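Chemist: I'd like to ask some things about the structure below.
The values are calculated or read from the model by the stated rules, or taken from the named source; none is laboratory data. Only a predicted model underlies this, so the values are computations on that prediction, with no experimental measurement involved. Counting neighbours? That spans all protein chains shown, and the Cβs are built from the backbone with ideal geometry, glycine included. Accessible surface areas use protein heavy atoms only, side chains included; no ligands, DNA or RNA. Shrake-Rupley method; radii C 1.70, N 1.55, O 1.52, S 1.80 Å.
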Amino acid sequence: MSLLEKIRVTQAFLESKGIEKPEFGLILGSGLGELAEEVQDAIVIDYADIPNWGQSTVVGHAGKLVYGTLSGRKVLALQGRFHFYEGNPLEVVTFPVRVMKALGCEGVIVTNAAGGIGFGPGTLMTITDHINMTGQNPLIGENLDDFGPRFPDMSKAYTPEYRATAHEVAKKLGIKLDEGVYIGVTGPTYETPAEIRAYKTLGADAVGMSTVPEVIVAAHSGLKVLGISCITNHAAGFQEELNHEEVVEVTERIKGDFKGLLKAILAEL
Ligand code: HPA
């Protein structure tokens, strides 16, 4: 089956389950999936039951699709994403974004846990732009002309108006929200201190193992994007050592602010 046929099959499956014209897709990163529990009139589907869908293997990723109303908006929330480092082809990693577009979403909110290059643990950061350090691109291969052009523009991949709304809302709520450039790597190793020094020179403020492929596919198809990073640790070289437990722990600590912020942003987008 071609990629386009797979998208249509999955779209038809989800529509047959009652999922109709979501306005926004939410991709909830490590430990951030709890927000989906607040979705009202929810239709919940296990990833394992969705045709052509990948499987989540990482701690903190529940592996459920949740559709319903959040802050008065129709959302399609993903509790857990697929990473390239799990061995998923980029077609699988970015498939949910294709399906969000096919179902009629206007925009996606992409969230992640990231290491701070300058920013410290607990910081929430809107992504202004990214650097693709993965050496990969999900659009390599036949272009899906129904979705977008062969050579898509990436100059405003992170929609400036969404970001402006996010900052206005954060200010109103009294939540500190920074902004910066996200550099996307494949993982699964954390970076070396030398790599982080190099990324700092390149202009990166945060580093992580997701988001970039999904945002490339979103931008290709004209989906608007809001990217939010939860900085869970100082990147390598700025602290003793890195581990996934710390990432989960810090996410636990800031997820109250994160959830409040996202709900308030959704109401205003
Ligand atoms: N590096 C890469 N990915 C991450 C990090 C990090 O320091 N923290 C959370 N995700």
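Chemist: Does segment 206-220 contain any residue that is polar (S, T, N, Q), farther than 21 Å from Gly118 by Cβ and within 11 Å of the ligand (Cβ to nearest atom)?
Modeler: Going through segment 206-220, the residues polar (S, T, N, Q) turn out to be 210-211.
From what's left, farther than 21 Å from Gly118 by Cβ: none.
Within segment 206-220, not a single residue is polar (S, T, N, Q), farther than 21 Å from Gly118 by Cβ and within 11 Å of the ligand (Cβ to nearest atom).
Chemist: Kindly establish whether Ile231 is closer than 16 Å to Glu34 by Cα and within 14 Å of the ligand (Cβ to nearest atom).
Modeler: no
Chemist: Taking Gly31, is it buried (at least 21 other Cβ atoms within 10 Å of the Cβ), on the phi > 0 side of the Ramachandran plot and part of a loop (DSSP other than H, G, I, E, B)?
Modeler: yes
Chemist: Can I ask one more? Please list, ordered by first then second residue, the pairs with beta carbon atoms under 9 Å, 6 or more apart or interchain, first in segment 189-206 and open to solvent by 60 Å² or more (accessible area, probe 1.4 Å) and acidic (Asp, Glu), second within 14 Å of the ligand (Cβ to nearest atom) and not in a helix (DSSP H, G or I).
Modeler: Close Cβ pairs satisfying both conditions: Glu195/Met133; Glu195/Val185; Glu195/Val207; Glu195/Ala235; Glu195/Ala236; Glu195/Gly237.
Chemist: Which condition breaks for Val169 when tested against (1) more than 10 Å from the ligand (Cβ to nearest atom); (2) closer than 30 Å to Ile7 by Cα?
Modeler: Result: Val169 passes all but (2).
Chemist: Give the residue that is farthest from Phe147 (Cα to Cα), with candidates limited to residues of segment 84-116 that are within 16 Å of the ligand (Cβ to nearest atom) and open to solvent by 10 Å² or more (accessible area, probe 1.4 Å).
Modeler: Residue satisfying both the conditions and the ranking: Ala113.
Chemist: Let me ask something else about it. Quick one: count up the residues across segment 124-183 that are crowded, with 16+ Cβ neighbours inside 10 Å, of a type in the set (A, V, I, L, M) and out of contact with any Lys or Arg (no Cβ under 9 Å at 6 or more places or on another chain).
Modeler: 9
Chemist: Still on this model: Picking from Tyr67, Tyr47, which residue would you name as being at negative phi, hydroxyl-bearing (Ser, Thr, Tyr) and open to solvent by 10 Å² or more (accessible area, probe 1.4 Å)?
Modeler: Result: Tyr67 is the single residue among Tyr67, Tyr47 that is at negative phi, hydroxyl-bearing (Ser, Thr, Tyr) and open to solvent by 10 Å² or more (accessible area, probe 1.4 Å).
Chemist: Is it the case that Asn243 is under 21 Å from Ile117 (Cβ atoms), polar (S, T, N, Q) and surrounded by fewer than 17 Cβ atoms within 10 Å (Cβ to Cβ)?
Modeler: So Asn243 fits the description; yes.
Chemist: For segment 234-259, which residues satisfy the criterion of being of a type in the set (Asp, Glu) and away from the ligand (no atom under 16 Å from the Cβ)?
Modeler: Asp257
Chemist: Moving on to the next point. Out of (1) without any contact (Cβ under 8 Å) to a residue 12 or more places away in the chain; (2) closer than 19 Å to Glu34 by Cα, what's the single condition that is false for Glu240?
Modeler: (2)
Chemist: Here is a further query. Of all residues in segment 3-28, count the ones that are open to solvent by less than 50 Å² (accessible area, probe 1.4 Å) and without any contact (Cβ under 8 Å) to a residue 40 or more places away in the chain.
Modeler: Going through segment 3-28 one residue at a time, the tally reaches 1.
Chemist: I've got another one for you. Starting from residues that are within 21 Å of Asn52 (Cβ to Cβ) and free of Cβ contacts under 8 Å to residues at least 60 places away in the same chain, keep the ones in segment 87-133 and report whichever is nearest to the chain's Cα centre (by Cα).
Modeler: Within segment 87-133, the subset within 21 Å of Asn52 (Cβ to Cβ) is 87-105, 108, 110.
Retained after the next criterion (residues that are free of Cβ contacts under 8 Å to residues at least 60 places away in the same chain): 87-89, 92.
Details: Gly87: 18, Asn88: 16, Pro89: 17, Val92: 14 Å.
So, considering only residues that are within 21 Å of Asn52 (Cβ to Cβ) and free of Cβ contacts under 8 Å to residues at least 60 places away in the same chain, the one nearest to the chain's Cα centre (by Cα) is Val92.
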